[in-house]
């Protein structure tokens, strides 16, 4: 049997699993899973991981690690991103993860997160010109630009869908004042990446916010990666989505075809970040990628003998 490897990404909002089998110079996915446990809930305000969030996330990690081992994964690569970077009590989570799941997550910097995401996007969409990659997470947003698999520019910004929601959303449905505050905060946070687009370049957007927006726009009854990965969203598409999502009460938003119900409360902020990032970078449209840190981690680390 060909080598099988697992990659787990513990984000601010979601824990993602990939188990893949080596095929030539690449990998074929066997299992991909995502569970929203929101490990970063409240971290922006308190600076600490919530005990319930730690428990929920560790249970998912244990289930993912168990499934990976049952599938014959020889290694389990695991990284933790924004929430773990920011929390003063991250050690509690790491100890619990190691004890319960037999996995010790590696905390990676925002710049390393951006590099891994860029590498993943380049494998699917690179070539023929510069590639810009946007990764909107729960606690941070990464942006890269490069002409090859290693970006020449990478930036990590302290703005994400969970962080922005906790700071600015007080109404349900989201009223004009809160929506204006979301857009203004996103615009300000994204100023470091503002500028004209690279000539001949394209923008790829990664992670749950943008894949959910694509699924909602297509009204997918169940999530279908083959229809989301490689799909396109224009600025008018995103403006229409933002207006529609904001005017719906949370209960109705959560029941939309294509919506992950646990993401419904932060999707308005996430959409605002994507839209303002498109405006800041001068692109008219973006390509959606269903593959992020976990795929970059697999391609980058799997051959190194670590993990």
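The values are calculated or read from the model by the stated rules, or taken from the named source; none is laboratory data. What you see is a predicted model, and the numbers here were worked out from it, not measured in a lab. Because the Cβ atoms are built from the backbone with ideal geometry, glycine has one as well, and the counts that use them run over all protein chains shown.
Among strands (runs of 3 or more DSSP E) entirely within the stretch 1-106, having at least 3 residues that are surrounded by fewer than 16 Cβ atoms within 10 Å (Cβ to Cβ) singles out 26-36.
Based on this model, can you work out whether residue 162 counts as in contact (Cβ under 8 Å) with a residue 12 or more places away in the chain and in a loop (DSSP other than H, G, I, E, B)? It is false that residue 162 is in contact (Cβ under 8 Å) with a residue 12 or more places away in the chain and in a loop (DSSP other than H, G, I, E, B). Going residue by residue through the stretch 178-193, is there one that turns out to be part of a loop (DSSP other than H, G, I, E, B), surrounded by fewer than 22 Cβ atoms within 10 Å (Cβ to Cβ) and without any contact (Cβ under 8 Å) to a residue 40 or more places away in the chain? No, the conditions are met nowhere in the stretch 178-193. Scanning the stretch 130-159 for residues that are touching a strand residue (DSSP E or B) at 6+ places or on another chain (Cβ under 7 Å), in a loop (DSSP other than H, G, I, E, B) and closer than 17 Å to residue 283 by Cβ gives 130, 151. Given (1) surrounded by fewer than 16 Cβ atoms within 10 Å (Cβ to Cβ); (2) more than 17 Å from the chain's Cα centre (by Cα), where does residue 126 come up short, assuming only one miss? For residue 126, the exception is condition (1). Between 145, 116, 153, the distinction of being free of Cβ contacts under 8 Å to residues at least 40 places away in the same chain and either in contact with a helix residue (DSSP H, G or I) (Cβ under 6 Å, 6 or more places away or on another chain) or closer than 27 Å to residue 271 by Cα (or both) belongs to 153 only.
When we screen 293, 288, 266 for residues that are in contact with a helix residue (DSSP H, G or I) (Cβ under 6 Å, 6 or more places away or on another chain) and modelled with pLDDT under 95, the only hit is 293.
Once the stretch 234-255 is narrowed to residues that are within 10 Å of residue 217 (Cβ to Cβ) and out of contact with any strand residue (DSSP E or B) (no Cβ under 9 Å at 6 or more places or on another chain), the residue that is surrounded by the fewest Cβ atoms within 10 Å (Cβ to Cβ) is 240.
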